[in-house]
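Structure record follows, encoded as structure tokens.
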Amino acid sequence: MADTYLEMAQLLFNDVVMTPSQLEVKYQQRALPEGAKVTRIAPSPTGFVHFGNLFPALVSERLAHQSGGVFLLRIEDTDAKRKVEGAVEMIIDQFNNYGFNFDEGAVKSGDSGSYGPYRQSERVDIYHVYAKMLVEKGLAYPCFCTADELETMRAEQEQQKVPIGYYGKWAKYRDCDIDTVKQFLADKKPYVLRLKSPGVLSGRIKVHDLVKGELELDENYLDQVLLKSDGVPTYHFAHAVDDHLMRVTHVVRGEEWLSSLPLHLQLFNVLEFKPPKYLHISLLMKKEGDSKRKLSKRKDKEAALSYYHAEGYPADSVMEYVMTVLNSNYEQWHQQNPDKNYRDFKFSVSKLGASSSLFDLDKLLDVSKNVIAAMDSKTVLESVVDWAKQYDIDLYNHILSDKNYALKIFSIGRTGPKPRKDIAKWSDVRDYISFFYDDMFEYKDTLPENISAGDAVMILEKYKGIYHSDDESEIWFERIKKLADELGYAMRPKDYKNEPEKYKGHVGDVSMVLRLAVSGKQCSPDMYSIMRILGHDRVIERLEKAIGVFGGSN
């Protein structure tokens, strides 16, 4: 039989002259410190990068870089039907946006590193070397089944109520004789190359996953396709060859791949490769009513990684949120080390949750508010400018018209032990700063119910006469307190609380009228700072405008 297998291999791969031994020499073991890990992410260029990809990517990056190892980017583009033009560049940009520094792999100009090519479509010759080897060993064979034959087989299996698939007695060409193969090849009959699986239908295998622990899974018994009819490998075959030759030590992926693990381990076994260690991390789920479901690219806009960039979430906000989901002890560490970057955290595989994680957009917003609050005003300004240039050109032009003015705006409430947390993402900025620009200013809120229009007009008229733009903050507020007292409002909220029957309200109500007049909103940054930035003339203009607006509501 050995001679027959060799003859079969030569028939199928007569143009393959390189040997596995030569490839082993070309892609030698890496010279890395003991314990160093080699990890990868390997997305397909479909034009869509799922938010969930950040989770295995971050785990992979941390495992590699915390151990002095290598983190690489491989593009799995063997499925021509799903490939989208420009998608590789988009993938690279998306991961660059979130601070992923690949040590090697695919780049826009080609490849960077000694273990490439890093695009599977450019590695077909390599896969054929190992495909030929498997045929030589009697572990792979050509299958000439047509689509109609496979459909007929499937129908018979369904009728007989047996497992669906190409295996055992259903594997028509598993033991096809060499003469028949020669004839089919001479007739140009298309074929695929299948694995001659050593597994059995009722077989079970035990595996150890670094996240899930000890698992017992159904053994692969199907004669899976290794090379499609065009000679291009399937993902399963290609990834086994690539992970071996690129010397990947740890594969991090979503738990949806657990069902493929028996096949992948079987492929490593028949190829005589040492398998990597696997980490199958939990799916990201979304709450829907009383149930949970996977975050879906068809249903959820937040499933797309591009959504977060377009919304203006800083990369550190997103990555910090991801870290809180991945490692249960991250938040405690961050509270103890508020000035450190998430990359300073000692990531631990043991802290990865084995059960599914719940996507929480509110938690992300909260994390992002804290991240932005910790930034200095110059960083905020430059970040907003970068974002607005791509996503809000009108805002970009407003800011660029006077960057020093904008810097003053972003400086409000940014110093001190408790900085303001008004901004969760850069798309919030337009609303946050719009009242500082006259052409964007509008009244978004109305007077509180406890303040009549007549009282509001009286407050504004009186304040026009006492406002001094050069007052220090203490004097500025003292004038407001005295005005409140003069108009029948308590100078201190607690006085009003103790004797509400004596007053119309308290100084906070007077301040609210002024706040609405100058900002158009009930909630805005420090009013003293707002007035200083607007300047005397514009404050007076706002007061007069508000008198007309509030007076007209009588």
Checklist line | Accessible surface, 1.4 Å probe, highest first, among residues Arg298, Arg542 | finding: Arg298, Arg542
Margin query: Given a 1.4 angstrom probe, what's the average accessible area per residue across the chain, in square angstrom?
Written below: 49 Å²
Notebook entry, point to check: Over region 356-441, what per residue volume does the convex hull of the Cα atoms give, in whole Å³?
Noted result: 105 Å³
Next item on the list: Multiply the residue separation of Asp290 and Asn329 by 0.36 nm, subtract the distance between their alpha-carbon atoms, and state the gained length in nm to one decimal.
Entry: 11.3 nm
Notebook entry, point to check: Can you give the Rg and Dmax of region 476-516 based on its C-alpha atoms, in angstrom?
Noted result: 9.3, 28
Next item on the list: Have a look at region 180-298 and give its Rg and Dmax from the Cα atoms, expressed in angstrom.
Entry: 17.8, 61
Checklist line | Selection of trypsin sites (Lys or Arg not before Pro), region 65-131, meeting DSSP coil and at most 11 other Cβ within 10 Å | finding: Lys81, Lys108
Item checked: region 268-279 - phi-based ³J(HN,Hα) in whole Hz, Karplus 6.51/-1.76/1.60, Gly and Pro as x -> 4, 5, 5, 7, 6, 9, 6, x, x, 7, 10, 10
Next item on the list: Please give the length that would be gained between Asn101 and Asn14 if that part of the chain were fully extended, namely 0.36 nm times their separation in residues minus their C-alpha to C-alpha distance (nm, one decimal).
Entry: 27.2 nm
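May I ask you to give the percent of accessible area on the chain that is carbon plus sulfur, with a probe radius of 1.4 Å?
The nonpolar share, carbon plus sulfur, comes to 48 percent.
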Item checked: Fully extended contour minus Cα-Cα distance, from Ile540 to Ala310, at 0.36 nm per residue -> 79.1 nm
Next item on the list: Starting from the coordinates of the alpha-carbon atoms of region 86-233, obtain the Kirkwood hydrodynamic radius over all distinct pairs and give the value in Å to one decimal.
Entry: 18.8 Å
Next item on the list: Would you mind giving the average projected area, over all directions, of the Cα convex hull of region 188-258 in nm² with one decimal?
Entry: 6.3 nm²
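Which value, in Å to one decimal place, does the Kirkwood hydrodynamic radius take for region 376-421 when every pair of different Cα atoms is included?
11.0 Å
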Item checked: Bins of 5 Å from zero: percent of alpha-carbon pairs in region 231-275 -> 5, 20, 33, 28, 12, 2
Item checked: By accessible area with a 1.4 Å probe, ligands and nucleic acids excluded, highest first: order of Thr152, Thr19, Thr78 -> Thr152, Thr19, Thr78
Notebook entry, point to check: Cys143 accessible area, nearest 10 Å², 1.4 Å probe?
Noted result: 0 Å²
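Let me check against my output: what whole-number percent is the relative contact order of region 174-292, with C-alpha pairs under 8 Å and at least 6 apart?
On the way: 148 pairs, mean separation 28.1, N = 119.
With pairs under 8 Å counted, the relative contact order is 24 percent.
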Next item on the list: Set the Förster distance to 22 Å, then compute FRET efficiency between Glu449 and Leu361 from the Cβ-Cβ distance, nearest 0.05.
Entry: 0.10
Checklist line | Cross-link table Lys137/Lys228; Lys421/Lys481; Lys421/Lys545; Lys421/Lys497; Lys228/Lys277, entries beyond 23 Å C-alpha to C-alpha | finding: Lys421/Lys481; Lys421/Lys545; Lys421/Lys497; Lys228/Lys277
Check: In whole Hz, what ³J(HN,Hα) sequence does region 229-234 give by Karplus (6.51, -1.76, 1.60; θ = phi - 60°), x for Gly and Pro?
Finding: 4, 8, x, 7, x, 6
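Looking at the chain, send over the antiparallel percent of its DSSP beta bridges, to the nearest 5.
Here the share of antiparallel DSSP bridges comes out near 60 percent.
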Item checked: Radius of gyration and Dmax over the Cα atoms of the chain, both given in Å -> 33.0, 109
Item checked: Over the chain, relative contact order from alpha-carbon pairs under 8 Å, at least 6 apart, % -> 11 percent
Margin query: Taking 2.2 N^0.38 Å as the expected size of a compact globular protein, what ratio does the Cα radius of gyration of region 344-389 give against it, to two decimals?
Written below: 1.65
Next item on the list: In nm, give the distance between the simple-model label positions of Arg298 and Lys81, each being 7 Å from the Cα along the Cα-to-Cβ direction.
Entry: 1.6 nm
Note to self: If I fit a long axis through the Cα atoms of helix 473-486 and take the longest principal axis of the Cα atoms of the chain, what angle between them do I get, 0 to 90°, rounded to 10?
What the structure shows: 60 degrees
Checklist line | Other-chain or far-sequence residues with amide H under 5 Å of His250's (modelled H) | finding: Val38, Lys277
Next item on the list: For Ser121, Ser355, Ser197, write out the residues from largest to smallest accessible area, computed with a 1.4 angstrom probe and no ligands counted.
Entry: Ser355, Ser121, Ser197
Margin query: For region 274-350 and region 364-443, what is the centre-to-centre distance using only Cα atoms, to the nearest Å?
Written below: 25 Å
Next item on the list: Note down the Stokes-Einstein diffusion coefficient of region 1-147 in µm²/s, whole number, using a Kirkwood radius over alpha carbon pairs, 4 °C, and 1.567 mPa s.
Entry: 74 µm²/s
Check: Mind listing the phi-derived Karplus ³J(HN,Hα) values for region 71-87, rounded to whole Hz, using 6.51, -1.76 and 1.60 with θ = phi - 60°, and x for any glycine or proline?
Finding: 10, 10, 10, 10, 9, 9, 10, 7, 9, 4, 5, 9, 5, 10, 4, x, 5
Margin query: What number do you get for region 419-480 when its Cα radius of gyration is normalised by 2.2 N^0.38 Å, N = residues?
Written below: 1.47
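The values are calculated or read from the model by the stated rules, or taken from the named source; none is laboratory data. Source: prediction; values computed, not measured. Backbone-built Cβ (ideal geometry, glycine too); neighbour counts: all protein chains shown. Side chains are part of the model used for accessible areas, which takes the heavy atoms of the whole protein and leaves out ligands, DNA and RNA. Shrake-Rupley method; radii C 1.70, N 1.55, O 1.52, S 1.80 Å.
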